[in-house]
Amino acid sequence: MLQTMVMGYASLQKMHLYQSIKGATVLRYYVEWFDYFLLLILFVGILYLFSKKPFYYMLNFVTILGLLSFTAIASVNIDGMVAQHNITQSKVEKIKLDKNMISLLSIDALPYIQKTDIKLTRYRYRYSGRRYIRRNCNKFSEYNIGYCSKLARYGEKNLEP
């Protein structure tokens with residue numbers, strides 16, 4: 001378990017290096033969080049090994065921890081975090097901002113790109129048959145509270161027509 005923890009720590013350091021050089025992406029955040037989760041589970045396994053408690057205690061704890069972690073990760077605005085991290089990093093470290101990658105994020109990134117010239121490209125279309133059509137917030141069948149509330153609050157300034 002300790003050897004696996006060392007490998008997990010090395011993987012975590014590589015992910016921090018990738019993020020500092022190339023910027024954050026959704027996948028890099030998920031890999032980083034999984035590395036943290038893995039290190040925590042292995043640490044808990046070592047504690048249960050030395051305490052000589054029954055295996056099902058650890059299994060129950062790991063299951064509950066997994067469900068709580070999944071709930072927390074599903075509740076995070078990952079696209080907003082990616083946009084905010086990359087924009088801040090480009091200002092602080094004076095590196096080139098990957099505007100193309102940020103423009104492909106969801107509408108959740110809209111609050112963080114307000115003071116930039118980045119335009120979101122995939123935010124407003126839904127696929128219908130062979131073509132993309134614009135989502136209409138006035139129709140009940142197409143209404144999405146997260147999408148339409150952000151559109152109403154921040155407007156269409158940073159959205160590609």
* Can you name the condition, by its number, that VAL76 falls short on among (1) closer than 27 Å to ASP98 by Cβ; (2) more than 20 Å from the chain's Cα centre (by Cα); (3) assigned to a loop (DSSP other than H, G, I, E, B); (4) not acidic (Asp, Glu)? -> (2)
* Structure fact -> Taking region 98-118 and keeping residues surrounded by 17 or more Cβ atoms within 10 Å (Cβ to Cβ) and not aromatic (Phe, Trp, Tyr) leaves MET101, ILE102, SER103, LEU105, SER106, ILE107, ASP108, ALA109, LEU110, ILE113, ILE118
* Structure fact -> Expected single match for in contact (Cβ under 8 Å) with a residue 40 or more places away in the chain and within 26 Å of LEU17 (Cβ to Cβ) among ILE73, ILE107 is ILE73
* Options ALA109, ALA74: the member that is within 21 Å of GLY146 (Cβ to Cβ) and in contact with a strand residue (DSSP E or B) (Cβ under 8 Å, 6 or more places away or on another chain) -> ALA109
* State which residue is nearest to the chain's Cα centre (by Cα) when the search covers only region 1-40 and only residues that are part of a helix (DSSP H, G or I) and β-branched (Val, Ile, Thr). => VAL26
* Considering only residues that are of a type outside the set (S, T, N, Q) and not in a loop (DSSP other than H, G, I, E, B), look in region 127-142 and name the one that is modelled with the highest pLDDT. => PHE140
* Asked: In the list PHE43, PHE50, which residue meets the criterion of being surrounded by fewer than 10 Cβ atoms within 10 Å (Cβ to Cβ) and in a helix (DSSP H, G or I)?
  -> PHE50
* Asked: Which residues, taken from region 29-58, are among the charged types (D, E, K, R) and modelled with pLDDT under 90?
  -> LYS52, LYS53
* Within region 43-77, which residues are within 30 Å of SER106 (Cα to Cα) and either touching a Ser or Thr at 6+ places or on another chain (Cβ under 7 Å) or among the hydroxyl-bearing types (Ser, Thr, Tyr) (or both)? -> SER69, THR71, SER75
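The values are calculated or read from the model by the stated rules, or taken from the named source; none is laboratory data. The structure displayed is predicted, hence computed values, not measured ones. So basically every Cβ, Gly included, is an ideal-geometry build from the backbone, and we count neighbours across all protein chains shown.
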